[in-house]
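**Q** What follows is a structure written as structure tokens; I'll ask about it next.
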Amino acid sequence: MKSYNIAVIPGDGSGPEMVAEGVKVLQAAAKGFGFGLNFTTLPYGGDYYLQTGEVLPEGAVAELQKYDAIFLGAIGHPEVKPGILEKGILLRLRFELDQYINLRPVKLFPGVDTPLKDKGPDDIDFVVVRENTEGLYAGSGGFLRKGTPFEVAVQESVNTRLGVERCLRYAFDYCREYGKKKKLTLCGKTNVLTYAFDLWERTFHEVGAEYPDIERDYAHVDAICMWMVKNPEQFDVIVTDNMFGDIITDLGAIIQGGMGIAAGGNINPRGTSMFEPIGGSAPRYAGQNVINPLASICAGGMMLAHLGEKAAAAAVEKAVMEICATKIQSLAAGRMGYSTSEVGDMVAERLL
Ligand code: IPM
Ligand code: MN
């Protein structure tokens with residue numbers, strides 16, 4: 001029997017409750033589809049930091065590298081200054097494990113409410129491929145004359161040919177394999193960011209020439225925001241840099257029903273990838289059994305697809321769609337009509 005070793009980082013706030021349901025569903029999928037999953041839970045997050053004074057212990061990244069995948073809950077603790085855990089855990093793992101793709105599907109399931117008037121599941125079904133290791137997130141820049149009236153703060157967007165090209169190649173390949181319209185839209189800002197997006201645009205067309213079956217489309221990021229609301233049906237796969245990808249995937253999440261369902265994968269195609277709900281740790285709902293675990297469950301489904309368990313992944317998505325269509329009243333915490341664990345149970349029982 002094929003078997004996978006999964007590192008689980010439940011993290012902070014509602015993370016552990018969401019992850020528990022994700023793991024429950026993954027275990028059911030493993031049983032139902034005949035493969036093994038060995039979970040190892042790691043304590044990293046806000047409490048661990050407050051107790052030990054370190055965000056990740058020495059050797060943690062090297063240790064994580066040995067797993068087939070990482071299943072993450074949420075990072076963010078009310079008593080820890082913003083930035084410490086985000087940079088020290090989430091971004092550090094993305095960078096050091098070279099998870100250079102952040103894959104974020106935007107898919108409205110039947111039965112789920114979208115704030116977009118007159119739009120339904122046929123209209124909202126695309127995927128964002130976000131570059132995940134460079135751009136404004138690279139940490140390049142600094143202060144001059146800090147704390148004086150003449151202070152200067154510079155934050156530079158770092159775009160390497162290698163980083164841009166591997167992201168674009170992933171997006172073209174992804175579009176070829178999974179795209180419904182075989183159309184790849186580059187989301188940029190070529191009219192203002194005339195260095196960074198010049199590189200992106202040139203590389204897009206150079207690499208794109210190797211993919212004659214994929215239609216190439218370009219739009220500025222501001223226009224993309226408009227069209228994601230007005231005509232989301234025109235998108236198939238969108239590829240973009242780290243910062244724009246961060247922003248447009250929150251917009252994507254809300255049009256697919258909100259943070260209760262939005263999931264993503266931080267992918268290193270040749271290394272250890274990490275799957276997570278894309279919302280935060282929602283500490284005010286923690287411990288009440290009211291948070292929606294579907295985002296974590298969907299992240300689990302993405303992890304199965306990544307591991308090669310395609311049938312199990314499809315079954316997870318089907319089960320989630322079924323309970324969205326027939327059971328769950330709202331995706332909002334506390335308004336689902338079911339508790340967190342009941343939602344997990346309903347998905348899990350459909351996989352056995
Ligand atoms: C996300 C989050 C992170 C990001 C934060 C928590 C650092 O917003 O995964 O989209 O900006 O990438
Ligand atoms: Mn974000």
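**Q** Return, for the Cα atoms of the stretch 236-352, the radius of gyration and Dmax in Å, separated by a comma.
**A** Spelled out, the Cα radius of gyration and Dmax of the stretch 236-352 are 14.6, 41 Å.
**Q** Using +1 at the Cβ of each Lys and Arg and -1 at the Cβ of each Asp and Glu in the stretch 114-256, identify which of GLY135, ALA209, ILE124 lies farthest towards the dipole's positive end.
**A** Of GLY135, ALA209, ILE124, it is GLY135.
**Q** Here is a further query. Show that you can apply the helix-only estimate: for the chain, add -39,500 (n - 2.57) for every DSSP H stretch of four or more residues, divide by all residues, and state [θ] at 222 nm to the nearest 500.
**A** -11500 deg cm²/dmol
**Q** Counting every Cα pair in the stretch 26-119, what percent are over 16 Å apart? Could the numbers behind the result be given before it?
**A** Numbers: 2976 of 4371 pairs.
Value for the stretch 26-119: 68 percent of Cα pairs lie more than 16 Å apart.
**Q** Is there a quick way to get the dipole size of the chain? I mean about its Cα centre, with the Cβ of Lys and Arg at +1 and of Asp and Glu at -1; what is the value in debye to the nearest 20?
**A** For this selection, approximately 220 debye.
**Q** Distance from the Cα centre of the stretch 71-96 to that of the stretch 1-38, in angstrom?
**A** 21
**Q** Rounded to the nearest 0.05, what FRET efficiency is calculated for THR160 and LYS81 with R0 set to 45 Å and r the Cβ-Cβ distance?
**A** Details: r = 30 Å, r/R0 = 0.68.
The calculated FRET efficiency here is 0.90.
**Q** Further question: Taking just the alpha carbons, could you work out the radius of gyration and Dmax for the stretch 114-256, both in angstroms?
**A** Cα radius of gyration and Dmax of the stretch 114-256 are 16.7, 56 Å respectively.
**Q** Then there's this: Hey, fewest Cβ within 10 Å first, where do GLU215, GLU177 land in order?
**A** Ranking GLU215, GLU177 by Cβ neighbours within 10 Å, fewest first, gives GLU177, GLU215.
**Q** While we're looking at this one, here's another question. For a quick protection proxy, order the peptides 151-157, 24-30 by their average other-Cβ count within 10 Å, most packed first.
**A** Highest mean packing first, the order is 24-30, 151-157.
**Q** Pulled fully out, how much extra length does the chain show between LYS2 and ALA325, if you take 0.36 nm times their separation in residues and subtract their Cα-Cα distance?
**A** Length gained between LYS2 and ALA325: 113.0 nm.
**Q** What order, most packed first, do the peptides 269-277, 125-133, 86-94 have when packing is the mean number of other Cβ atoms within 10 Å of each residue?
**A** Highest mean packing first, the order is 125-133, 269-277, 86-94.
**Q** I would also like to ask the following. Which aspartates and glutamates have a Cα less than 20 Å from the Cα of LYS66, not counting those fewer than 8 places away in the same chain?
**A** Cα-Cα hits under 20 Å: GLU58, GLU96, ASP98, GLU276, GLU309.
**Q** Just how far, in whole angstrom, is the stretch 257-314 from the stretch 162-223 if you go by their alpha carbon centroids?
**A** Here the two parts' Cα centres lie 26 Å apart.
**Q** May I pose another question? Counting other C-beta atoms within 10 Å, which of CYS175, CYS324 has the fewest, and how do the rest follow?
**A** Values: CYS175 25, CYS324 19.
So the residues, fewest neighbours to most, are CYS324, CYS175.
**Q** Please list, ordered by chain and number, the residues whose modelled amide H lies under 5 Å from the amide H of ASN289; skip anything fewer than 5 residues away on the same chain.
**A** none
**Q** Could you work out how far the C-alpha centroid of the stretch 113-137 sits from that of the stretch 238-255, in angstrom?
**A** Rounded to whole Å, the Cα centres lie 6 Å apart.
**Q** Taking the Cα centre of the stretch 114-256 as origin, sum charge times position over the Cβ atoms of Lys and Arg (+1) and Asp and Glu (-1), and report the length of that vector in debye to the nearest 20.
**A** My answer is approximately 220 debye.
**Q** Highest mean first, what order results for 286-292, 66-72 on Cβ atoms within 10 Å?
**A** The packing order, highest mean first, is 66-72, 286-292.
**Q** For the chain, set up a GNM with springs between Cα atoms under 10 Å and report which of ALA138, ALA223, ALA282 has the largest fluctuation.
**A** Between ALA138, ALA223, ALA282, it is ALA223 that shows the largest mean-square fluctuation.
**Q** Using the 10 angstrom Cβ neighbour count as an exposure proxy, how do HIS77, HIS205, HIS306 rank, fewest first?
**A** Listing HIS77, HIS205, HIS306 from fewest to most nearby Cβ atoms yields HIS205, HIS306, HIS77.
**Q** Could you point to the residue in CYS175, ALA312, PRO115 farthest towards the positive end of the chain's charge dipole, with +1 and -1 charges on the Cβ of Lys/Arg and Asp/Glu respectively?
**A** ALA312
**Q** Take the chain, connect every pair of alpha-carbon atoms lying under 10 Å apart with a spring to form a Gaussian network, then pick out the residue of LYS31, LYS81, LYS318 with the largest mean-square fluctuation.
**A** LYS81
**Q** Please report, in whole Å³, the volume per residue of the convex hull around the C-alpha atoms of the chain.
**A** Hull volume over Cα atoms, normalised by residue count, gives 148 Å³.
No lab work stands behind these numbers, since they all come straight from the coordinates. Just so we're clear, the structure is a prediction, and the values are computed from it rather than from any experiment. No Cβ is skipped: glycine too gets one built from the backbone with ideal geometry, and neighbour counts run over all protein chains shown.
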